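Asker: So that we are looking at the same thing, I have put the structure below in structure tokens.
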Amino acid sequence: MDRAVQKPAVLASAPEPRTSASLFAPLAVAGFLLAALTFGAGGCAGERQDVLSAHEAHEGEVRVFNVGMDQAWEAARAALRWNHADTIEEHRADGYMLATAGLSAWSWGAAMGVWLEPANAQGTQVRAIVSRKLATNVFAQSEDMLLDDIAKAVALEKQGQPVPDTDPTEALFMVAHDPEPIGVAVLAYTWTLEHGGLVAGSTNSS
């Protein structure tokens, strides 16, 4: 007489391990929803009109640079480019520039403006105003960041060096010649919290 073999009952299946992608997806969705709610609650910021309205209300940050109007103008234009301006409106007769920056890895976008006027016989006063699309993004453009970049451009001008189109502190490219190019070194700059400042690292290629 054959006996029926009874299989043990499966009480519960082991849970599938969660991958980093499956863990990241809910966080990404939550972040997107939080940003959308912030936009909805805060209205439409980051527009050129927001910058103009802020200027009429005498808002923004002001610094005085010990250079003439022409040098300060060139430095301000460079700083706007370094802050990823897609378009720059130059109103030289009225002494100001407006710029807009689109979506990037660090920012949801922003509108920027700089107003320049003589401060004394050798100095120029610069007022910077920035309106972010997402005001709570601490990594996005700001008035202090814009004025710091103007200061960097002014320093280059005083040293007699050309002012580049891109931020010179983002990376440095060096090419070796003998007499033809034989190698390149890329020196990248990053800000680290643990070291509390600017750190450089290099990658060589030949």
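Asker: Please report, in Å, the Rg and the Dmax of the stretch 81-136, where both are computed over Cα atoms only.
Answerer: In order Rg, Dmax, the Cα atoms of the stretch 81-136 give 13.1, 41 Å.
Asker: For the pair ARG92 and ALA151, what calculated FRET efficiency results from E = 1/(1 + (r/R0)^6), where r is the Cβ-Cβ distance and R0 = 25 Å, to the nearest 0.05? Could you put the intermediate results ahead of the total?
Answerer: Numbers: r = 21 Å, r/R0 = 0.85.
That pair, ALA151 with ARG92, gives E of 0.70.
Asker: Moving to a separate point now. Could you please rank TRP82, TRP73, placing first whichever residue has the fewest other Cβ atoms within 10 Å of its Cβ?
Answerer: Details: TRP82 24, TRP73 19.
Result, fewest neighbours first: TRP73, TRP82.
Asker: Another question, if that's okay. If you stretched the chain out fully between GLU117 and GLU56, how much longer would it get, using 0.36 nm times the residue separation minus the C-alpha to C-alpha distance? Before the final figure, lay out the partial values.
Answerer: On the way: separation 61, 0.36 × 61 = 21.96 nm, distance 1.54 nm.
Full-extension gain reported as 20.4 nm.
Asker: OK, next. How long, wide and thick is the stretch 44-158, going by the Cα atoms along their three principal axes, in whole angstroms, largest first?
Answerer: 40, 29, 21
Readers should treat all values here as calculations from the given coordinates under stated rules, not as data from a laboratory. Note that the coordinates shown come from a computational prediction; the quantities given were computed from them, not determined experimentally. We place every Cβ from the backbone using ideal geometry, glycine too, and count neighbours over all the protein chains shown.
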